[in-house]
Amino acid sequence: MLAPNPSPPLTLPGEFRAGRLMSMDAYRGFVMLLMMAEILQFERISEALPDSGFWRFLAHHQSHAEWFGCSLHDLIQPSFSFLVGVALPFSMARRSSDGQSAAVMFAHTVRRSLILVLLGIFLRSVGRSQTHFTFEDTLTQIGLGYPFLYLLGQRSTRTGWLALAAVLVGYWLAFVLYPLPGPGFSYEAVGVPADWPFHATGLAAHFNKNSNLAWAFDTWFLNLFPRQKPFLYNGGGYATLSFIPTLGTMLLGLQAGRVLRSEASGPERMKYFLIAGVAGLAAGWLLTVTGLSPSIKRIWTPGWVLFSGGWCFLLLAGFYYLIDLRNYRRWAFPLVVIGMNSIAIYCLVHLIDRFIIETFKTHLGQSVFSSLGPYETLGSGGVALLVFWLILYWMYRRKLFIRI
């Protein structure tokens, strides 16, 4: 038996105590903090201090891998999607205990999906001259797959695993059956240099940037919407169809959530998470080195689903062990404040981050942050992060939790 920390447990608002695991909120808060911390712009500090390996390391993990590979920043979207799946069994159980019928719950699911999609489009349209119809954003990707997740959440655990296999194999087959570009294909025309070092050959070539099935789909689908100019390619290689394998990531979270709600003991849950995490990492690595399905976050390949899913299981295991098994909770309180209002902070970061910084400059002087030299963004970003957290803490104290 694991001995709990003798310090008094951290209390949550009454409506959130029953059946709610603090580790889930802390993990979600950690993920959102990584997203918020983009405002620190470690890359600019690294450029100003080119001889510093420390800032080069931080800059690497605050940016996305250019195509293959994984950084800490690349785990933000998978973790957020994974946690949607983890939370679903708890949400369904609560709504069922409130007497909601299956029809009412599904209607709520569809409404939530629509709101997520529209909110994602709205946030991506801020500052533009017209609505920017794009569906690769985290919120839109989750929204597109959420109704399917809910329906599978009504089925057995075995059905969930079978659905995951169908998603991964089906998506992989669709990519490898889509023909490779011909010899006259111009990569420059789709924003990819001809000598780009990440061009793959063989089977892996079916997953090359802006010449794959998902890119071809978007050149048709996105041009169905009003646009200032025709859609030719996404500069980062991101694609609408990634919501299908993102559903796979959410299904992994669904299975983890079922384990958390099961009668299994704490150590048994830990064993499950650790085995699933290592298995996911190994499977994703194997698919990458063999070239069957390279791990590419930007198009959410099956290899990426498994590799990133492995990390999600291990991160959940770490938070669960420290917070819910060992009862070390006080350190996680700042993360819980963020995690319990993830939608609020997602919107705030996209809407007022620059406003906060410019307001400080207005009232404290335009040089208030530039006087820090190479650490200017550390100062301005740090102030913005503090303001964001204080807003969330104010909402937490008043039990204001934005839910969709």
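The values are calculated or read from the model by the stated rules, or taken from the named source; none is laboratory data. If you're wondering where the values come from, they're calculated on a predicted model, not measured in any experiment. Positions of Cβ are generated from backbone atoms using ideal geometry, with glycine treated the same way; all protein chains shown enter the neighbour counts.
Summary of computed values
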{"quantity": "Filtered residues of the stretch 302-345 (kept if under 27 Å from I391 (Cβ atoms) and free of Cβ contacts under 8 Å to residues at least 60 places away in the same chain)", "calculated": "W331, A344"}
{"quantity": "Complete set of residues in the stretch 326-340 that are surrounded by fewer than 19 Cβ atoms within 10 Å (Cβ to Cβ) and part of a helix (DSSP H, G or I)", "calculated": "R330, W331, F333, P334"}
{"quantity": "Exclusive hit being more than 17 Å from the chain's Cα centre (by Cα), of a type outside the set (D, E) and surrounded by 13 or more Cβ atoms within 10 Å (Cβ to Cβ), set T138, T134, T109", "calculated": "T109"}
{"quantity": "Any hit, the stretch 46-63, residues being surrounded by fewer than 17 Cβ atoms within 10 Å (Cβ to Cβ), at pLDDT below 95, of a type in the set (D, E, K, R) and within 26 Å of the chain's Cα centre (by Cα)", "calculated": "no"}
{"quantity": "Verdict on G379 being over 30 Å from A239 (Cα atoms), modelled with pLDDT of 95 or more and not basic (K, R)", "calculated": "yes"}
{"quantity": "Enumeration of residues in the stretch 222-269 that are among the hydrophobic types (A, V, I, L, M, F, W, C), in a helix (DSSP H, G or I) and touching a residue at least 24 places away in the same chain (Cβ under 8 Å)", "calculated": "L222, L241, F243, I244, L247, M250, L251, L252, L254, A256, L260"}
{"quantity": "Selection from the stretch 102-142 of residues that are closer than 17 Å to F80 by Cα and without any contact (Cβ under 8 Å) to a residue 60 or more places away in the chain", "calculated": "S113, V117, G120, D137"}
{"quantity": "Residues that are hydrophobic (A, V, I, L, M, F, W, C) and out of contact with any helix residue (DSSP H, G or I) (no Cβ under 6 Å at 6 or more places or on another chain), drawn from the stretch 331-347", "calculated": "W331, F333, I343, A344, C347"}
{"quantity": "Filter result (of a type in the set (G, A, S), crowded, with 21+ Cβ neighbours inside 10 Å and without any contact (Cβ under 8 Å) to a residue 40 or more places away in the chain) within the stretch 270-301", "calculated": "A276, G280, G284"}
{"quantity": "Boolean, I343 is in a helix (DSSP H, G or I), farther than 14 Å from M24 by Cβ and touching a Ser or Thr at 6+ places or on another chain (Cβ under 7 Å)", "calculated": "no"}
{"quantity": "Conditions (1) in contact with a Gly (Cβ under 8 Å, 6 or more places away or on another chain); (2) closer than 14 Å to A174 by Cα; (3) surrounded by 21 or more Cβ atoms within 10 Å (Cβ to Cβ); number of the one not met by N212", "calculated": "(1)"}
{"quantity": "Complete set of residues in the stretch 150-173 that are over 26 Å from P89 (Cα atoms) and either over 24 Å from the mean Cα position of the chain (by Cα) or modelled with pLDDT under 95 (or both)", "calculated": "L173"}
{"quantity": "Breaking point among (1) under 26 Å from the mean Cα position of the chain (by Cα); (2) touching a residue at least 12 places away in the same chain (Cβ under 8 Å), for F360", "calculated": "(1)"}
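For every residue, the table says whether it meets (1) of a type in the set (D, E, K, R); (2) farther than 22 Å from L58 by Cβ; (3) in a helix (DSSP H, G or I).
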{"position": "H350", "(1), (2), (3)": "no, yes, yes"}
{"position": "F360", "(1), (2), (3)": "no, yes, yes"}
{"position": "Q366", "(1), (2), (3)": "no, yes, no"}
{"position": "L378", "(1), (2), (3)": "no, no, yes"}
{"position": "M395", "(1), (2), (3)": "no, yes, yes"}
{"position": "K399", "(1), (2), (3)": "yes, yes, no"}
